[in-house]
Amino acid sequence: MSLKAVLFDFNGVIINDERIHLQLIDEILIAENLQPQKASERQAGLGQSDRAYFQDLFHHRGRLVTQEYLTKLLHRKAEAYVEEMAKIAKLPLYPGVEDLIYQLRSLKITPDSPETVKLALVSGAIRPEIELILERAKLTPYFPVIVAGDDITTSKPQPDGYLLAVDRLNQAYPDLDLKPQECLAIEDTPVGIEAARQAQMQVVGVANTYPFHMLQRCCNWTVDYLIELELERVQEIYSQKEMKLAVPEC
């Protein structure tokens, strides 16, 4: 078995934009004559898709909303996100993420293979937000497969986004014959880690959002910064015939 694909989360792994998202969500709630987010809600929502989080927020405030109305709110938030990001001269990308992506671009699936490890992105953010950041960061060409929050009806910790990414990678590269066990996911929250684990993937936890010791209990590898990830060691583990996927529950 080989490492064939690395699947990145987006918010909290590639870009540090949580403050902006929380601000925009509060603005929408206030515009809807609802109370802003509570600290407990913000914590519980980490790693969820925007749609799932908005649905929970409205439910907790006793208001029922249709999926169509949620879609309008998500697009309103995306438009505001574009405006906010336009005010920022330098994108708040996490340290080491660009270096890791550049390393992975030339990482061969096996030493004697002409094929390199493929990259994909699996996020609960909606596509316009993701594409805006990737374009500005000049990272778009490196992520031929993106599974956004508006591509699926579920949210992490469900594994659907990761499984869809495997399907799309196989469509993009018909000779890859990719299986979930040949993928490595990079996540920053227990919710995202659980989604990847349910998809039968090994997981790197990066301590951008939660403390190192909390992620260490859930992941196959844990790092403070992505540049610390030892790709040669990771490949060595994948090359073993029998990989131990089980790690303690979060």
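The values are calculated or read from the model by the stated rules, or taken from the named source; none is laboratory data. Remember, predicted model here, so these are calculated numbers, not experimental data. Cβ placement follows ideal geometry from the backbone for every residue including glycine, while neighbour counts extend to all protein chains displayed. Heavy atoms of the whole protein, side chains included, go into the accessibility calculation; ligands, DNA and RNA do not. Shrake-Rupley method; radii C 1.70, N 1.55, O 1.52, S 1.80 Å.
If the condition is being in a strand (DSSP E or B) and either under 16 Å from the mean Cα position of the chain (by Cα) or at pLDDT 95 or above (or both), then the range 101-152 contributes Lys118, Leu119, Ala120, Leu121, Val122, Val145, Ile146, Val147. Taken as a whole, the condition of being in contact with a helix residue (DSSP H, G or I) (Cβ under 9 Å, 6 or more places away or on another chain), under 16 Å from Thr209 (Cβ atoms), among the charged types (D, E, K, R) and part of a helix (DSSP H, G or I) does not apply to Glu79. Contact annotation: residue pairs with Cβ atoms under 9 Å, 6 or more positions apart or on different chains, pairing a residue in the range 188-215 that is without any contact (Cβ under 8 Å) to a residue 12 or more places away in the chain with a partner that is of a type outside the set (Gly, Ala, Ser), are His213/Thr222. Collect the residues in the range 91-100 that are in a helix (DSSP H, G or I) and open to solvent by 60 Å² or more (accessible area, probe 1.4 Å), keeping them in residue-number order. Of everything in the range 91-100, those that are in a helix (DSSP H, G or I) and open to solvent by 60 Å² or more (accessible area, probe 1.4 Å) turn out to be Glu98, Asp99. Within the range 109-150, the residues that satisfy the criterion of being surrounded by fewer than 18 Cβ atoms within 10 Å (Cβ to Cβ) and small (Gly, Ala, Ser) are Ser113, Ala137. May I ask you to list the residues in the range 105-130 that are of a type outside the set (A, V, I, L, M, F, W, C) and either over 29 Å from Arg76 (Cα atoms) or free of Cβ contacts under 8 Å to residues at least 24 places away in the same chain (or both)? Result: Arg105, Ser106, Lys108, Thr110, Pro111, Asp112, Ser113, Pro114, Glu115, Thr116, Lys118. Please determine, by comparing only the residues of the range 71-85 that are touching a Leu at 6+ places or on another chain (Cβ under 7 Å) and among the hydrophobic types (A, V, I, L, M, F, W, C), which one is most open to solvent (accessible area, probe 1.4 Å). The residue in question is Val82. Contact map, the range 1-25: first residue acidic (Asp, Glu), second residue part of a strand (DSSP E or B) and open to solvent by 10 Å² or more (accessible area, probe 1.4 Å), Cβ cut-off under 7 Å, separation 6 or more or different chains; pairs are Asp17/Asn11; Glu18/Asn11. Right, Ile88: open to solvent by 20 Å² or more (accessible area, probe 1.4 Å), in contact with a Leu (Cβ under 9 Å, 6 or more places away or on another chain) and modelled with pLDDT under 95 or not? It is false that Ile88 is open to solvent by 20 Å² or more (accessible area, probe 1.4 Å), in contact with a Leu (Cβ under 9 Å, 6 or more places away or on another chain) and modelled with pLDDT under 95. Restricting to the range 153-200, give me the number of residues that are aliphatic (A, V, I, L, M) and in a helix (DSSP H, G or I). The number of residues fulfilling the criteria is 10. Taking the criterion of being hydrophobic (A, V, I, L, M, F, W, C), at pLDDT below 95 and open to solvent by 50 Å² or more (accessible area, probe 1.4 Å), the only residue of the range 176-220 that qualifies is Met214. For the range 47-70, a residue qualifies if it is crowded, with 18+ Cβ neighbours inside 10 Å, at negative phi and not in a helix (DSSP H, G or I), and the qualifying residues are Gln48, Ser49. Examine the range 151-159 for a residue that is small (Gly, Ala, Ser), open to solvent by less than 50 Å² (accessible area, probe 1.4 Å), touching a Gly at 6+ places or on another chain (Cβ under 7 Å) and within 18 Å of His75 (Cα to Cα), and state whether such a residue exists. So far as the range 151-159 goes, yes, one or more of its residues are small (Gly, Ala, Ser), open to solvent by less than 50 Å² (accessible area, probe 1.4 Å), touching a Gly at 6+ places or on another chain (Cβ under 7 Å) and within 18 Å of His75 (Cα to Cα).
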